[in-house]
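Taken together, the values in this text are just the output of simple stated rules run on the coordinates, not laboratory data. As the structure is a prediction and not an experimental result, all values here were calculated from the model. Cβ coordinates were reconstructed from backbone atoms using ideal geometry, including for glycine residues, and neighbour counts include every protein chain displayed.
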Amino acid sequence: MLVREDLNVPMEAGRISDDTRIRAARPTLEKLQQMGARVIVMSHLGRPEGKPNPELSLRPVAEAMGVRFVDDCLKPAGEMGEGEVVLLENVRFHPGDEENDPEFARRLAEQGEVYVNDAFAASHRSHASVVGVAHYLPAYAGYLMLAELEALHRALDDPRRPVVAVVGGAKVSTKAGVLAHLLPRVESLAVVGAMANTFFKARGAEVGSSLVEDSALDAARQVEREGGAKLVLPVDSVIARKAEPGALTRVAGVDGIEPGWMILDIGPATVALLGERLRGAGTVVWNGPAGVAEIPEFAAGTRALGEAIAGSGAFSLVGGGDTAAAVDKLGLTGFSHVSTGGGATLEAMEGKELPGVSILKEADGG
């Protein structure tokens with residue numbers, strides 16, 4: 001059984017700093033073990049650019065999983081017992097993976113009789129280990145893949161209304177497609193985080209030294225025109241001179257910010273406004289923190305927003321790597337589904353077809 005997982009875990013000084021993706025892979029791997037399958041796991045780690053890089057080896061991941069490690073993804077795993085799991089070295093140590101080289105995909109596929117894609121987070125990439133092997137083997141979705149697709153379907157295709165979307169993060173340009181795709185599908189669309197600064201400046205507001213994407217001012221104006229009453233922007237903010245721990249902060253409006261000061265979180269009036277919009281929601285989609293949530297002084301808005309979403313009683317889909325990291329760091333719970341998808345979730349929220357999902361629909365496994 002050849003299984004593609006997303007074990008692209010964050011590493012610090014050669015140690016795993018967050019094992020969320022390892023834990024997310026367990027249900028599929030444990031089920032296959034219970035079935036007595038011999039399981040060969042493929043994954044990538046980082047961006048080694050098609051050549052071996054010891055700092056991006058999956059060996060520490062194999063040790064954390066307690067499984068045997070094979071030091072080249074094209075090297076045969078050898079004799080395996082029933083229910084045994086082995087982890088192959090980083091598939092991106094070979095250029096053929098990102099190139100979706102058919103010969104590389106064929107050699108990977110030789111190691112299994114059935115292919116299972118459980119790596120939703122990598123399924124927006126047309127890589128050999130994601131898409132290519134499905135041309136050679138019957139292909140199926142793993143439990144994590146199915147959970148991600150079901151959550152997206154419930155939130156975007158067949159939602160309980162009203163639908164409220166909250167989109168944050170730094171840049172309008174990276175999420176313009178998400179905003180455009182969500183607008184006709186929701187009753188309320190809240191823009192928070194540094195993205196909102198660009199909307200403020202597009203209105204002519206003075207935002208001091210706040211992060212603004214000047215090249216996206218026209219895009220912000222277009223979203224505001226099309227959004228109308230659906231669009232919700234912050235009405236107050238937490239500002240400081242520096243985005244660093246221990247910084248002196250104060251609550252201010254969203255206009256007339258003095259030079260040298262910057263907007264770094266939403267303020268209490270905005271938290272109350274978003275709480276009103278969330279009350280009675282049937283479905284909530286949240287992508288992007290409300291502020292610089294990794295710094296305690298600017299995390300209160302994200303915490304309050306997360307608590308309001310979790311307590312709304314709505315079906316809640318939390319997506320995006322920064323959002324999932326903030327939820328984990330702040331200890332927020334109670335959501336219907338927290339996606340591990342990162343860029344794949346973002347592309348799905350834009351309405352894009354994911355190659356790793358499309359191939360499963362075409363393959364023998366269905």
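Hey, what angle do you get for helix 321-330 against the long axis of the chain, alpha-carbon based, 0 to 90 degrees rounded to 10?
80 degrees
Between Ser358 and Asp101, what's the calculated FRET efficiency when r is the beta-carbon distance and R0 is 22 Å? Round to 0.05.
Plugging the Cβ-Cβ distance into 1/(1 + (r/R0)^6) gives 0.70.
Of the listed peptides 99-108, 83-92, what is their order by residue-averaged count of other C-beta atoms within 10 Å, with the highest listed first?
Ranked from most to least packed, the peptides come out as 83-92, 99-108.
Identify the trypsin sites (Lys or Arg not before Pro) of region 249-336 meeting these criteria: DSSP loop state and at most 16 other C-beta atoms within 10 Å of the C-beta.
Arg279
Give, as a single signed number, the net charge of other residues whose beta carbon lies under 14 Å from the beta carbon of Val192, with Lys and Arg counted +1 and Asp and Glu -1.
+1
What is the list of residues in region 189-214 whose amide nitrogen lies under 15 Å from a point 7 angstrom out from the Cα of Arg250, following Cα to Cβ?
In region 189-214, the label zone of Arg250 (backbone N under 15 Å from the point 7 Å along Cα→Cβ) covers 208-209.
Determine which residues of region 336-354 fall in the zone a paramagnetic label at Ser126 would reach in this model, i.e. backbone nitrogen under 20 Å from the point 7 Å along Cα→Cβ.
Label zone hits: 343-354.
In terms of modelled amide H atoms, which long-range or inter-chain residues lie less than 5 Å from the amide H of Phe315?
Counting only residues 5 or more places away or on other chains, the set is Thr283, Val284.
For a 22 Å ceiling on Cα separation, which of these pairs sit above it: Lys171/Lys352; Lys201/Lys352; Lys175/Lys361; Lys51/Lys329?
Exceeds cut-off: Lys201/Lys352; Lys175/Lys361; Lys51/Lys329.
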